[in-house]
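Take a look at the structure set out below.
The values are calculated or read from the model by the stated rules, or taken from the named source; none is laboratory data. Small disclaimer: the values here were computed from a predicted structure and weren't measured. Please note: Cβ atoms are built from the backbone with ideal geometry, for glycine as well, and neighbour counts cover all protein chains shown. In case anyone asks, the SASA skips ligands and DNA or RNA and just uses the protein heavy atoms, side chains included. Shrake-Rupley method; radii C 1.70, N 1.55, O 1.52, S 1.80 Å.
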Amino acid sequence: LLDENRTREFYRLGEYNYQLIFDSLDAGILFLDAQGEIMAVNHKTAEILNATLERLYELKNIAEQWEKNWDIRNENGQKVPFEKTSFRRALHTRKKQSDVLVIRLGNGEHRWLHMSSQPLFRDHSSIPFAVVSSITDLTLEKNLIRELRERKAVLKSFMKQTPNLAWVVDEQANLLFASQKFYEFFNIDENLAAHKSLLELVPSSIAEALFD
């Protein structure tokens, strides 16, 4: 009886420690069974999806909701069918699969998520019984890239329209952008000038004055 109590206590302790580790992970973790229903999910996943754990565990018929109620697309803006997701492909191919999905949340916000899915097998079975997916939120990174592109576009537009001599160089004095007036004034071929040193593009006397 004492050994049985110790065994039960050992398993309770193991389950408790497992849950602590599971919930403390910085990545979202999602376990789905072979039918695509949630087996386990951690707090980070709920945070990424702007939901609660309770709400996620209440979800049923995920495949149907995915197709009918949720707006989930790839990076090209095309809707992603449930059976084409990384976790379903991992189940069917029995190999690791990954995706970048764009999910529209209930509040209208869009989030870019990288999902890496791995099939799980029971002992001596070649058929996966579940899939575990790691979820990383790429939204901040994607927004920063978009903002950088927008700023570059504004800068290029300014450079093309300004009547003044204007240019932008990097730390090594390599030309990044320049106004049309700059190319015309120094008789420089715009197509050949990108990322060349400004010291090579303009007369030495002017280059020395600029960097003196």
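See the values below:
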| quantity | calculated |
| --- | --- |
| Subset of segment 152-167 [among the β-branched types (Val, Ile, Thr) and either loosely packed, with under 13 Cβ neighbours inside 10 Å or in a helix (DSSP H, G or I) (or both)] | VAL154 |
| Residue in segment 112-124 that is nearest to GLN78 (Cα to Cα), counting only those that are under 18 Å from the mean Cα position of the chain (by Cα) and open to solvent by less than 40 Å² (accessible area, probe 1.4 Å) | LEU113 |
| Only one of LEU210, LEU199, LEU176, LEU192 that is open to solvent by 60 Å² or more (accessible area, probe 1.4 Å), in a strand (DSSP E or B) and modelled with pLDDT under 85 | LEU176 |
| Residue match in segment 135-149 (condition: more than 12 Å from the chain's Cα centre (by Cα) and either surrounded by 11 or more Cβ atoms within 10 Å (Cβ to Cβ) or at pLDDT 90 or above (or both)) | no |
| Any hit, segment 93-104, residues being open to solvent by less than 90 Å² (accessible area, probe 1.4 Å), over 20 Å from GLU37 (Cα atoms) and out of contact with any strand residue (DSSP E or B) (no Cβ under 6 Å at 6 or more places or on another chain) | no |
| Residues of segment 40-64 that turn out to be part of a helix (DSSP H, G or I) and either among the basic types (Lys, Arg) or more than 17 Å from SER134 (Cα to Cα) (or both), as a count | 8 |
| Selection status of SER133, polar (S, T, N, Q) and assigned to a strand (DSSP E or B) | yes |
| Residues of segment 36-72 that turn out to be of a type in the set (Phe, Trp, Tyr) and either in contact (Cβ under 8 Å) with a residue 40 or more places away in the chain or surrounded by 15 or more Cβ atoms within 10 Å (Cβ to Cβ) (or both), as a count | 2 |
| Failed item, numbered, when ARG149 is tested on (1) among the basic types (Lys, Arg); (2) closer than 20 Å to GLY28 by Cβ; (3) part of a helix (DSSP H, G or I) | (2) |
| Sole exception among (1) part of a loop (DSSP other than H, G, I, E, B); (2) touching a residue at least 12 places away in the same chain (Cβ under 8 Å); (3) among the charged types (D, E, K, R) for ASP99, by number | (1) |
| Boolean, ILE127 is out of contact with any Phe, Trp or Tyr (no Cβ under 7 Å at 6 or more places or on another chain) and open to solvent by less than 80 Å² (accessible area, probe 1.4 Å) | no |
| Selection status of GLU171, open to solvent by less than 90 Å² (accessible area, probe 1.4 Å) and among the charged types (D, E, K, R) | no |
